[in-house]
Ligand SMILES: [Zn+2]
């Protein structure tokens, strides 16, 4: 018998958004509620593109949309829609 363990997380339980630089792997940890601006570079100065530069617009624009949506969904009560949006993750212990 296989037992599957997963973690079910409400959006209001998300502590932070973590941005990891693709070049140096350094990270910025920001509360989703405090993320009003988008860092233009990692702590070591590698440029991050949030704009709509051709070729990067999908990732940059969708990332901004994700953070904005996350902030908005966290500020609303679940009774507005009649359901609560949650995310499910695999248990990292497995
Ligand atoms: Zn970097």
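Read the figures in this text as sums done on the coordinates, not as results from a lab. Owing to the predicted nature of the structure, the values given are computational and were not obtained by experimental measurement.
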Check your understanding: Per residue of the chain, what 222 nm ellipticity follows from adding -39500 (n - 2.57) for every DSSP H run with n ≥ 4, rounded to the nearest 500?
Key -> -7000 deg cm²/dmol
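Relative contact order for segment 15-75: what is it in percent, counting Cα pairs under 8 Å that are at least 6 residues apart?
Once normalised by length, the contact order is 23 percent.
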Exercise for review: Please work out how much length the chain gains when fully extended from residue 14 to residue 29, using 0.36 nm per residue of separation minus the C-alpha to C-alpha distance, in nm with one decimal.
Suggested key: 4.2 nm
Revision key, fill the gap. Stretched fully, the stretch from residue 44 through residue 59 gains (0.36 nm per residue minus C-alpha distance, one decimal, in nm) 3.3 nm
